[in-house]
Amino acid sequence: MRDPYEVLGVPKTASEAEIKKAFRSLAKKHHPDKHAGDATAQKKFQEISGAYDILGDKDKRAQFDAGAIGPDGNPKGFDPRAGGFQQGHPFGSGFGGFGGGGQAGAREFHFSFDDEPGGAAGFEDIFANMMGGRRGRPRQARGEDFTAQVTVSFEEGAKGGTRRVVLQNGEQIDVKIPAGVKDGQVVRVKGRGGAGRGGAVNGDILLTVSVAPHPWMTRDGSDIRMDLPVTLKEAVLGGKVPVPTLTGTVALSVPANSNTGTVLRLKGKGIAAHGSTPAGDLYVRLVVTLPDKPDEALSNFASGWTVDYDPRSKLR
């Protein structure tokens, strides 16, 4: 295996941030998802991951720089194909340095093995301590979680959709926005974060969703509320009036003699159903609205209207 510094293309004086940046850039370029069926890309990605497994870990990097471990992460002199350490290594061939089978005058180590809880440490634990905590098997580490942000429209937040998101490593992916997502809610996209090491699972993407405000709709849990302007004639005589909803325009029946503040419900026209939560409703509050410009006929009608009533009687 090549020198991990050479694999990542960084000098031995590189900082942790520089090493991480180099790894992310190379991992993005050679990720298997972008090179389906390409064995060369797969091998290159494994080499990059192996290099970062050493340089991305402070302890392993220090051991490598000191010559204690090789580019493969194993202690120097260890050959798994030959069954252990080779001649010339301080531990001897086939662990012959332990006990009387080693070189003359070699220090003897006497171990006791006990698999029972609380018993003496097993050989693997003792060997791990002598090797600075490394047990020889690849150290597993869950992949890093990536964070990202996205702003969606009010309609997308209510009904759901798909958005392209740029991750912190520069990768672009399409993320499904679930129906009913709330402003500021964090959506977890499992397994699309950093690659896991040593066979561990990949990290996730933690996507913070901002929902843009709507010009006339507001959210109330799973329901939506809005004000609907109606003419004086529609309010007095009643009738069908068009109402814009998230799924298209529908006809709303306005009762005769409706006042400003009258609230009518359109069932199922709120936030779309999601999970075990049913679809919400749309609550429409009527607002009687006069023409923007003065209307002479309306003025004449009001002047000759003889009905006398006090609309403010309830305020007393």
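Residues that are crowded, with 17+ Cβ neighbours inside 10 Å and under 13 Å from residue 206 (Cα atoms) within segment 167-183 comprise 167, 175, 177, listed in sequence order. Inside segment 181-190, residues that are within 12 Å of residue 210 (Cα to Cα) and part of a loop (DSSP other than H, G, I, E, B) make up a count of 5. Taken over segment 146-159, the criterion of being at pLDDT 90 or above and open to solvent by less than 70 Å² (accessible area, probe 1.4 Å) is satisfied by 152, 153, 154, 155, 156, 157, 158. Scanning segment 169-197 for residues that are free of Cβ contacts under 8 Å to residues at least 40 places away in the same chain and among the polar types (S, T, N, Q) yields 172, 185. Listed by position, the strands (runs of 3 or more DSSP E) enclosed by segment 191-296 that each have at least 1 residues that are among the charged types (D, E, K, R) and touching a strand residue (DSSP E or B) at 6+ places or on another chain (Cβ under 7 Å) are 223-230, 239-245, 263-266, 282-288.
For every residue, the table says whether it meets (1) more than 13 Å from residue 235 (Cβ to Cβ); (2) surrounded by 13 or more Cβ atoms within 10 Å (Cβ to Cβ); (3) modelled with pLDDT of 95 or more.
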| position | (1), (2), (3) |
| --- | --- |
| 263 | yes, no, yes |
| 272 | yes, yes, no |
| 278 | yes, yes, no |
| 282 | yes, yes, yes |
| 285 | no, yes, yes |
| 290 | no, no, no |
| 305 | yes, no, no |
| 309 | yes, no, no |
| 315 | yes, no, no |
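Quick check on this structure: which one of 164, 197, 192 is basic (Lys, Arg), at pLDDT below 90, open to solvent by 30 Å² or more (accessible area, probe 1.4 Å) and in contact with a helix residue (DSSP H, G or I) (Cβ under 7 Å, 6 or more places away or on another chain)? Just one listed residue meets the conditions, 197. For segment 12-42, enumerate the residues that are farther than 19 Å from residue 53 by Cβ and either at pLDDT 80 or above or assigned to a helix (DSSP H, G or I) (or both). Listed by number, the residues that qualify are 13, 33, 34, 39, 40. Taking the criterion of being part of a loop (DSSP other than H, G, I, E, B) and under 14 Å from the mean Cα position of the chain (by Cα), the residues of segment 162-180 that qualify are 167, 168, 169, 171, 178. Go through the residues of segment 151-161 one by one and say whether even a single one is free of Cβ contacts under 8 Å to residues at least 24 places away in the same chain and among the β-branched types (Val, Ile, Thr). No, segment 151-161 contains no residue that is free of Cβ contacts under 8 Å to residues at least 24 places away in the same chain and among the β-branched types (Val, Ile, Thr). Taking every residue in segment 1-30 that is open to solvent by 50 Å² or more (accessible area, probe 1.4 Å) and pairing it with any residue that is of a type in the set (A, V, I, L, M, F, W, C), at least 6 positions away or on another chain, the pairs with Cβ-Cβ distances below 7 Å are 9/22; 18/10. As a summary of the residue check, residue 305 satisfies the conditions (1) touching a strand residue (DSSP E or B) at 6+ places or on another chain (Cβ under 8 Å); (2) more than 26 Å from residue 214 (Cβ to Cβ); (3) not acidic (Asp, Glu) except for the one numbered (1).
The values are calculated or read from the model by the stated rules, or taken from the named source; none is laboratory data. Note that this is a predicted model, so its numbers are computed, not measured. Virtual Cβ from ideal backbone geometry, glycine too; neighbours counted across all protein chains shown. When the accessible area is computed, the model is the full protein with side chains, heavy atoms only, and any ligands, DNA or RNA have been set aside. Shrake-Rupley method; radii C 1.70, N 1.55, O 1.52, S 1.80 Å.
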